[in-house]
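For reference, the structure is listed below as structure tokens.
The values are calculated or read from the model by the stated rules, or taken from the named source; none is laboratory data. Since we're looking at a predicted model, the values are computed, not measured. Cβ: placed from backbone, ideal geometry, glycine included. Neighbour counts: every protein chain shown. With ligands, DNA and RNA removed, areas are computed over all heavy atoms of the protein, side chains included. Shrake-Rupley method; radii C 1.70, N 1.55, O 1.52, S 1.80 Å.
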Amino acid sequence: MDSPWIVGRVTAPGARLRLICLPQAGGSAASYAPWRLTPPPGVELATVELPGRGVRSAEPLPDTLEELADAVLDGIADELSGPYALFGHSFGALLGYELALRVRRRGLTPPAALFVSASRAPHTPVLKRVSHLDDRGLLDWLEGFGGFPPGLRGYPAYLRYALRTVRRDLALAEAYVSADPVSPGCPLHVLGGADDPLVSRDRLERWSECASDGFTLRLLPGGHDHLFTGAERTLGAVADALGLFGTAADGRVAHHGPGEPGPFPREL
């Protein structure tokens, strides 16, 4: 498939599932570069390139997260023809949730699972707004939790571009809140960093209020960027949740869901 929405696809022989990955605020398809080195067996990685960054830097970003989700679904509709799952990190988690809701409303084939990482639940408020900060303040905030490599200060032109992209995405996320916790219509798996200073376990647990088709919560070693610093471990947790192999990576897990646990394990 040839689409401007998917950049850096990693195919696998005999792939059984496509994992569609949505980036963090300011991120691009290239953010998932560490994942391309160790994709799970039987999984094709399809990393999404949003407007306003990377090879699409000249394209305008929609004005709301909901409008962005509409555009993403229109752009990747052909990717949903076979078994697939959605994975979103931070800002991408809220976008992935809205994407799953739209898939359900349009009567399209639902994802095998929605994975959300390092994000507040959609119906819970933002605790701290930062998109209004000037470049210095925003950079200090990002560096405070490892959100930006310190070396970027030595490249002022690129730094201004990167901060502009981050700020636009953060503004969309800060303005977004769902009126009610609505189920995405598929199993919901929540991942977080055990040492994440931005999103606590309590905040992650609120995602359970959106789940009606199975729910797991797992804390993995690391901070807000746990999925990149521990790419192999995070991908192992994803593969486990999808039943691609049985050995779990280290981490703590809680499972919630009405009735029988269904095809997803109570403990990973």
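Given the C-alpha centroids of region 97-134 and region 139-158, what is the distance between them in whole angstrom?
26
Please give the peptides 206-215, 105-114 ranked by average Cβ packing (other Cβ atoms within 10 Å per residue), highest first, as a rough proxy for protection.
Taking the mean over residues of other Cβ atoms within 10 Å, the ranking is 206-215, 105-114.
Dipole of the chain, Cα-centred, from +1 at each Lys and Arg C-beta and -1 at each Asp and Glu C-beta, to the nearest 20 debye?
That gives the chain a dipole magnitude of about 240 debye.
Report in % the part of the accessible area of the chain that belongs to carbon and sulfur, leaving out ligands and nucleic acids; probe 1.4 Å.
On the way: 6130 of 11530 Å².
Within the chain, the accessible surface is 53 percent carbon and sulfur.
Under the Karplus relation 6.51 cos²θ - 1.76 cosθ + 1.60, θ = phi - 60°, what is the ordered set of whole-Hz ³J(HN,Hα) values for region 13-28, x standing for Gly and Pro?
Whole-Hz 3J(HN,Hα) from phi for region 13-28: x, x, 4, 9, 7, 9, 9, 8, 10, 10, x, 6, 4, x, x, 9.
Calculated FRET efficiency, ARG160 and ASP63, Cβ-Cβ r, R0 30 Å, to nearest 0.05?
For ARG160 and ASP63, the calculated efficiency is 0.85.
Please label the shape of the chain as rounded, prolate or oblate, based on the square roots a ≥ b ≥ c of the eigenvalues of the alpha-carbon gyration tensor (a/c under 1.5 means rounded; beyond that, a/b larger than b/c means prolate, else oblate). If you can, show how the numbers build up before the last one.
Numbers: a/c = 1.40, a/b = 1.29, b/c = 1.08.
Taking the square roots of the gyration eigenvalues as a ≥ b ≥ c, the chain is rounded.
Per DSSP H run of n ≥ 4, the term is -39500 (n - 2.57); total these for the chain, divide by its residue number, and report the mean residue ellipticity at 222 nm rounded to 500 deg cm²/dmol.
Per the formula, -9000 deg cm²/dmol.
Which of LEU68, PRO41, THR165 sits closest to the plus end of the dipole of the chain, meaning its Cα is farthest towards the positive end, when Lys and Arg get +1 and Asp and Glu get -1 on the C-beta?
THR165
Going 7 Å from the Cα of ASP74 in the Cα-to-Cβ direction, what parts of region 51-65 have a backbone nitrogen less than 18 Å from that spot?
Correct set: 51-53, 56-65.
Just the accessible area per residue of region 1-85, please: how many Å² with a 1.4 Å probe?
Ligands and nucleic acids excluded, the result is 41 Å² per residue.
DSSP beta bridges in the chain, what fraction antiparallel, as a percent rounded to 5?
Around 25 percent antiparallel, to the nearest 5.
Ratio of alpha-carbon Rg to the 2.2 N^0.38 Å globular estimate for region 47-199, to two decimals, please.
Here the Cα radius of gyration is 1.08 times the empirical estimate.
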